[in-house]
Amino acid sequence: MKKTITKLILVFFLMVIYAYTLSIENIPDNLVIFEGENIAMKTLLGINIKLDSKTMETVSSTNNNTISPKSGKATLEVSLFDNISLKDVNVDILPRTKVIPVGSIAGVKLYTSGVLVVGMSEIEGIDNKKYKPYENTGIKEGDTITQIDDIPISSTQELMTTVNQAKGKAVKVQYIQSEQTKECSIEPVQTSGNQYKLGLWVRDSAAGVGTVSFYEPSTKTFGALGHGITDIDTEELINIASGEFVTTRVLNITKGESGLPGKIQGTVENQKNIGKIYKNSKFGIYGIVDNLASLNIDTSKEMEVALRDEIQLGKASILCGLDNQKVEEYEIQIEKIYKENNYDNKSMQIKVTDERLLEKTGGIIQGMSGSPIIQNGKFVGSVTHVLVNNPQEGYAVFGDIMLKQSKEIN
């Protein structure tokens, strides 16, 4: 009996240690926040967060550490019962920033850093036998090939040329898997067409349409989509080398229905350049505007980015350019706000209430991602997702998250 109790106590003790370890790991090493922004970090009993900067204020409790920064930089000291130092968090406080909400539909062209592996298949060799040259090499779908025999690879054509030049000799393949650089050796198979192949299907570019969320005049940066662009086959975020943002012409709008998401179809051919894309993240795509006139915006309509404590449940509006080059404002409701969410782009739950928009689209459809949300004269966020079973409802990402992402490309 005593042994059983001892084991239970030991298991409980280990579970407590594990819970505290996870809680500490979830506290970031670096934070970027705006002046006046309150950051509430949930912690377990005994984990305290204090500030060593006189320029900031703090209100602390055992289960919730709320930080209200004033200006500059600071370091947060994370400790256990104020006695055992656990880690430091570097805090960078940005000044309040004004942006111009846009709402225009635009075209996206992305070019990968290396080539993305999107599939694998058997190769029929010159001897009519089936081969899998990639087998047991460790490479898999979603990986990015960056070099063949130490030669940089930036396109599908470069990969094919380099592999064929090896004339069947094993090639050294450098690739990125889960942000780690790895290497393997693959022996290409000669086909009846006298080509040498690895059995890998690869892609070096992607294109689509989405909505421009905001333009930030002081840095000439833009943010769009509110979510990242993933490969259609691997569903992995595309690791880009470069990209272009161009105007688009809307060709067709398919209304959304329960279980059937609608979409905006547009063309990016023969359109005007807007700017260059430098970042594809899970919170959207970001870049620099080269041709401001192509956005067709009123530069006098700057507004502040709302802090999370300023966002309220209830009425708001979105901007969306469903009719070519004509951006209109439509009513929505903010139904839920997840103030402490910094991990994905489902910061708010929203519902389309404007009958004009419901008549055109049925609610939120593909291509509307990035539509800016305005409330009380401030930019509060952008549309990101639709609820498939109810196209009137969906999710949005906080504006402060998007703006912080855009700051990282300057």
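The values are calculated or read from the model by the stated rules, or taken from the named source; none is laboratory data. Just so it is clear, the model here is predicted, and its values are computed rather than measured. Cβ placement follows ideal geometry from the backbone for every residue including glycine, while neighbour counts extend to all protein chains displayed.
Numbers at a glance
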quantity: Test: residue in region 204-215 that is part of a loop (DSSP other than H, G, I, E, B) and either touching a His at 6+ places or on another chain (Cβ under 6 Å) or touching a residue at least 12 places away in the same chain (Cβ under 8 Å) (or both); calculated: no
quantity: Close pairs (7 angstrom Cβ cut-off, 6 or more residues apart or separate chains): closer than 10 Å to Gly208 by Cβ in region 252-268, in a loop (DSSP other than H, G, I, E, B) and among the polar types (S, T, N, Q) anywhere; calculated: Gly266/Thr248; Val268/Thr248
quantity: Residues satisfying the stated conditions in region 132-151, i.e. of a type in the set (S, T, N, Q) and not in a loop (DSSP other than H, G, I, E, B); calculated: Thr144, Thr146, Gln147
quantity: Residue tally, condition part of a strand (DSSP E or B), within 25 Å of the chain's Cα centre (by Cα) and closer than 16 Å to Arg203 by Cα, over region 152-185; calculated: 3
quantity: Selection count, region 307-324, where residues are part of a loop (DSSP other than H, G, I, E, B) and either touching a Lys or Arg at 6+ places or on another chain (Cβ under 9 Å) or crowded, with 20+ Cβ neighbours inside 10 Å (or both); calculated: 4
quantity: Matching entry among Val246, Val212 (being surrounded by 18 or more Cβ atoms within 10 Å (Cβ to Cβ), at pLDDT 90 or above and under 20 Å from Ala293 (Cα atoms)); calculated: Val212
quantity: Selection status of Asp204, surrounded by 16 or more Cβ atoms within 10 Å (Cβ to Cβ) and acidic (Asp, Glu); calculated: yes
quantity: Test set (1) in contact with a strand residue (DSSP E or B) (Cβ under 8 Å, 6 or more places away or on another chain); (2) over 30 Å from Asn252 (Cβ atoms) - Ile84 fails condition number; calculated: (1)
quantity: Asn90 modelled with pLDDT of 75 or more, of a type outside the set (A, V, I, L, M, F, W, C), closer than 25 Å to Gly399 by Cβ and outside any loop (DSSP other than H, G, I, E, B); calculated: yes
quantity: Residue satisfying all of: in region 167-189; at pLDDT below 90 and in contact with a Phe, Trp or Tyr (Cβ under 9 Å, 6 or more places away or on another chain); surrounded by the most Cβ atoms within 10 Å (Cβ to Cβ) among these; calculated: Gly168
quantity: Residues within region 217-231 that are surrounded by fewer than 21 Cβ atoms within 10 Å (Cβ to Cβ) and in contact (Cβ under 8 Å) with a residue 12 or more places away in the chain, tallied; calculated: 6
quantity: Of residues in region 256-300 being of a type in the set (Lys, Arg) and modelled with pLDDT of 90 or more, the one nearest to Ile240 (Cα to Cα); calculated: Lys279
quantity: Identity of the residue in region 273-306, of a type in the set (Asp, Glu) and outside any strand (DSSP E or B), that ends up farthest from Glu329 (Cα to Cα); calculated: Asp290
quantity: Scan of region 87-122 for residues that are under 29 Å from Ala241 (Cβ atoms) and touching a Gly at 6+ places or on another chain (Cβ under 7 Å), ordered by number; calculated: Gly103, Ser104, Ile105, Ala106, Gly107, Val108, Lys109, Leu110, Tyr111, Val117, Met120, Ser121
quantity: Residue check for Tyr343: out of contact with any helix residue (DSSP H, G or I) (no Cβ under 8 Å at 6 or more places or on another chain) and among the aromatic types (Phe, Trp, Tyr); calculated: yes
quantity: In region 355-410, the residues that are in a loop (DSSP other than H, G, I, E, B), more than 21 Å from the chain's Cα centre (by Cα) and surrounded by fewer than 20 Cβ atoms within 10 Å (Cβ to Cβ); calculated: Asn376, Gly377, Asn389
quantity: Lone unmet requirement of (1) modelled with pLDDT of 85 or more; (2) of a type outside the set (Phe, Trp, Tyr); (3) assigned to a loop (DSSP other than H, G, I, E, B) for Val115; calculated: (3)
quantity: Residues of region 125-147 classified as surrounded by 14 or more Cβ atoms within 10 Å (Cβ to Cβ), more than 11 Å from Leu200 (Cβ to Cβ) and not hydroxyl-bearing (Ser, Thr, Tyr), total; calculated: 3
